[in-house]
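The values are calculated or read from the model by the stated rules, or taken from the named source; none is laboratory data. Because the structure is a prediction, the values reported are computed rather than measured. When we count neighbours, we look across all protein chains shown, and the Cβ atoms used for this are built from the backbone with ideal geometry, even at glycine. These area figures cover heavy atoms from the full protein model, side chains too; ligands, DNA and RNA do not enter into them. Shrake-Rupley method; radii C 1.70, N 1.55, O 1.52, S 1.80 Å.
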2 protein chains.
Amino acid sequence: MVTVNKNYLKLPGSYLFSTIAKKVAAYQEANPDVQIVRLGIGDVTQPLAPAIIDALHKSVDEMAHAETFHGYAPDLGYEFLRSAIAKNDYEARGCQISADEIFVSDGAKSDSGNIQEIFGTENKVAVCDPVYPVYVDTNVMAGRTGDYNKKNENFDGVIYMPCLESNGFLPELPVETPDLIYLCFPNNPSGAAITKDKLQEWVDYANENGSVIIYDAAYEAYITEENVPHSIYECEGARTCAIELRSFSKNAGFTGVRLGFTVVPKDLVREGVALHDLWARRHGTKFNGAPYIVQRAGEAVYSPEGKAQLKEQVAYYMRNAHTIYNGLKEAGYSVSGGVNAPYIWLKTPNNMSSWDFFDYLLENAHVVGTPGSGFGAHGEGFFRLTAFGSYENTQEALRRIKAL
Amino acid sequence: MVTVNKNYLKLPGSYLFSTIAKKVAAYQEANPDVQIVRLGIGDVTQPLAPAIIDALHKSVDEMAHAETFHGYAPDLGYEFLRSAIAKNDYEARGCQISADEIFVSDGAKSDSGNIQEIFGTENKVAVCDPVYPVYVDTNVMAGRTGDYNKKNENFDGVIYMPCLESNGFLPELPVETPDLIYLCFPNNPSGAAITKDKLQEWVDYANENGSVIIYDAAYEAYITEENVPHSIYECEGARTCAIELRSFSKNAGFTGVRLGFTVVPKDLVREGVALHDLWARRHGTKFNGAPYIVQRAGEAVYSPEGKAQLKEQVAYYMRNAHTIYNGLKEAGYSVSGGVNAPYIWLKTPNNMSSWDFFDYLLENAHVVGTPGSGFGAHGEGFFRLTAFGSYENTQEALRRIKAL
């Protein structure tokens, strides 16, 4: 008789964003004339840049002829893309990462969910609180946690590192030493950025303790300040303790195109085993490469035209971020994020709960955001707005919020 | 201190196809003037059909404008594709499968590797021998097997079901009752097909024992005989015991485009848990949808033009299959497969080992195939040739083999 993976049954309720979608749909149905502005989900709205569209058309044409048709891709990704990544994302920033340490994938969500597989189930996991839910949920599914604790709204056996107003939304070194440490900077959901010095402390800590940092740098394109690292490999010693996850979703609008990559340095060895070998084995066994046409689109991100066009696209969203940040400030809210990230993190007024504020904003301003408590217990009393809407909608949302 | 997933260390050596690639590269380097014909790997060579190219260009253009841009896809896949699949692959064959039981993915390799995650680690796994290596390797990685047994060339704790000349390369019901049963028909590597009556026996067996069948139907487009089922849901009772994996790689040439789907019927319940819910949770947590443009390409597979063009493409490869099958027969080989599948399975002459025959064929006919022993201990003494080359190369390969 087949048994099911009981770890799945520990996961409570439905996914945050499906709950939001249901609430919004119900409100819209009851109020059909209302124009709702959505600044909740982190999905982009700007079209793909012309350089990317050109690369897609060109590679589609290649697929139409036997001489230029491309079947199965190389396991780790095409050399043309991995070289472009190594050169532009790493060499250009003084990071020692070679093309064959880069694994091209169908996106950072897959990678951030799958990376835990190469580690033993006995490892102790540390995450920021609030946090992107995928890190915790995938470790729950793998049996690396205890049960869900309703009172604390978290999982037994996980080390939660509170990110609060009092610590500038940056985690502190935990009391109990973790094995796997998930860090995401610039942060989703809080929009907080970490300085190079601060990140160096984490790298040193991981090297001292034999821990591994899973570093999610999906939002690095939004960094505007000088002392904020774009990659963890800007820190000394990161090659022996860190895996980095990257996405094309937010810097190039690939949420519906699907492309990402993971860096596993060859110097990263635990128990005498190179993690690079394990991830290569995982990649080769359970994945068959990102589509050729999508990898060509990824290559175009690094072309001179692509770079120029995407710089504008990021600037477009950052104008939204500033509009939200400044508008909320003017309206008297306590606000953070938005400077090196496309997310703005605000404190709910009058000690409202995150979900109460969600309802309040939906009903009174017809604006949709994301309740901070959906990202973890310490997100309670906070609320996330994203810069990924259109400029017009963002302006309208802030006009309404200010009028409340 | 981080520990690694020790189960990965049980996996012996390198992947079959990388070993082949290395041997071929070495031979080509030593013999630069030789024209090698490759009938080894199961990768397609014909370009994408015009209807698919048109759908790709059209959807790429949609991505270039904000009004028609598509970001994150729905978790399970776009309704337009899931409906086309439900209608054409199931309703048209009298199978009761609804669109919301279909999960669109980036390919059958990912799904066939990931599906085991929703089951407990204590389940006993049965596979055919020889077999597509992904089924076993992913269960090894998950800790559902013992160590690799060098003498038997298999893993302890796995139920291997020998597929031999004596049983027409079809597995027999095993002595020990398995929980998870992997079946692939038409079969990779042997090319054997199963009749509806024979498959019904497996469905009945699974229902009687509470087992679950993972049914890989990646090659169903190559079925030419009437009594061979295209889907396991053609069998009575399959909705309560079977998950079906499907691919667009071989019926539409999507090996480099990446699209597949998995069917989990809502009636499939074990320990009171609907497996549909578990797979939906896995899909929603660790995957972010197949690219919009690729899903539109998948939709075009079911258009009248797409169907007509792909029928021709499959016929092209099947002409190769007949060329190989008949040519080998004429040359005195013992051959099977090739009638309902793009794979031809031949017995090596003079009791040569599979790898000896590989070397013999490479050196004397400059033809590359796949050693049967690479798919399992009971593949020893057999050899796989694929119909996915060009017609000219296939003819040339057979001319050379016949001349030996």
Interface residues, the range A:97-117 - accessible area loss of 20 Å² or more versus chain alone, probe 1.4 Å: A:D106, A:K109, A:S110, A:N114, A:E117
Taking every DSSP bridge whose two residues both lie in the range B:53-303, the antiparallel percent to the nearest 5 is 45
Pull up the cross-link candidates among the lysines for B:K151, meaning alpha carbon to alpha carbon under 29 Å and not fewer than 8 places away within one chain. A:K286, B:K6, B:K10, B:K22, B:K23, B:K109, B:K124, B:K347
Counting only helical runs of four or more DSSP H residues, what would the 222 nm mean residue ellipticity of chain A come to if each run contributes -39,500 (n - 2.57) and the total is spread over all its residues? -10500 deg cm²/dmol
Where only protein heavy atoms count, and the probe is 1.4 Å, what is the accessible area per residue for the range A:53-303 in Å²? 31
Computed over the range A:1-89, the convex hull of the Cα set has an average projected area, in nm², of 13.4
When DSSP assigns beta bridges and you keep just the ones with both residues in the protein assembly as shown, what percent turn out antiparallel, to the nearest 5? 60
Hey, could you get me the Stokes-Einstein D for the range A:225-282, Kirkwood radius over alpha-carbon pairs, 37 °C and 0.692 mPa s, rounded to whole µm² s⁻¹? 250
Separation between the A:Q96 and B:R400 pseudo-spin-labels, each 7 Å from Cα along Cα→Cβ, expressed in nm? 4.5
Debye, to nearest 20: dipole size of the range A:53-303, +1 on Lys, Arg Cβ, -1 on Asp, Glu Cβ: 520
Excluding ligands, DNA and RNA, what is the accessible area buried between chains A and B, summed over both sides, using a 1.4 Å probe, to the nearest 100 Å²? 6500
Solvent exposure, largest accessible area first (probe 1.4 Å, DNA, RNA and ligands not counted), of B:D75, B:D54: B:D54, B:D75
Averaged across the residues of B:254-265, what count of C-beta atoms belonging to other chains lies within 10 Å of each residue's C-beta? 4
More than 41 Å apart: what percent of Cα pairs in the protein assembly as shown qualify? 33
Placing +1 at every Lys and Arg Cβ and -1 at every Asp and Glu Cβ, with all other atoms neutral, what dipole size does the protein assembly as shown have around its Cα centre, in debye to the nearest 20? 320
Residues whose built amide H sits under 5 Å from the amide H of A:M161, excluding neighbours closer than 5 in sequence, are A:V127, A:C128, A:D129
Gain upon complete extension [A:D156, A:D197; 0.36 nm per residue less C-alpha separation]: 11.6 nm
The farthest towards the positive end of the charge dipole of the range A:53-303, of the residues A:G143, A:A92, A:A55, given +1 on Cβ of Lys and Arg and -1 on Cβ of Asp and Glu, is A:A55
FRET efficiency, B:Y148 to B:M352 (Cβ-Cβ, R0 25 Å, nearest 0.05): 0.50
Dipole size in debye (nearest 20) for the range B:285-397 around its Cα centre, Lys and Arg Cβ +1, Asp and Glu Cβ -1? 480
Cut-off 19 Å, label point 7 angstrom out along Cα-to-Cβ of A:E165: give me the residues of the range A:178-195 whose amide nitrogen falls inside. A:189-193
Here the correct list, in nm and shortest first, of distances from B:A274 to the same site in the other copies, label points 7 Å along Cα→Cβ, is 4.6
Roll a 1.4 angstrom probe over the protein heavy atoms and tell me the percent of accessible area of chain B that is carbon or sulfur. 49
Pick from B:A377, B:A252, B:A26: which residue has the top mean-square fluctuation in a GNM of chain B where Cα pairs under 10 Å get a spring? B:A26
The Cα extents of the range B:53-303 along the principal axes, largest first and rounded to whole Å, are 59, 39, 36
Order of exposure, largest accessible area first, which applies to B:Y132, B:Y15 with probe 1.4 Å: B:Y15, B:Y132
Averaged over every viewing direction, what's the projected area of the C-alpha convex hull for the range A:228-327? Give it in nm², one decimal, please. 8.9
Compare each residue of the range A:1-37 in its chain alone against the assembly with all protein chains, and report those whose accessible area goes down by 40 Å² or more; 1.4 Å probe, heavy atoms. A:M1, A:V2, A:T3, A:V4, A:N5, A:Y8
FRET efficiency (A:E312, A:E392; Cβ distance; R0 22 Å; to 0.05) is 0.80
Largest fluctuation, A:N251, A:N364, A:N340 only, Gaussian network model of chain A with Cα springs under 10 angstrom, belongs to A:N364
Using modelled amide H (1.01 Å from N, peptide plane; none on Pro or chain starts), what sits under 5 Å from the amide H of B:N149, excluding residues fewer than 5 places away? B:N154, B:F155, B:D156
If you average the sequence gap of Cα pairs under 8 Å that are 6 or more apart and divide by the length of chain A, what percent do you get for the contact order? 23
Find the centroid of the Cα atoms in the range A:64-94 and in the range B:181-233, then give the distance between the two in whole Å. 38
Compute the accessible area of each residue in the range B:279-316 twice, once for its chain alone and once with every protein chain present, using a 1.4 Å probe on heavy atoms, and list those whose area falls by at least 50 Å². B:R281, B:T285, B:K286, B:N288, B:P291
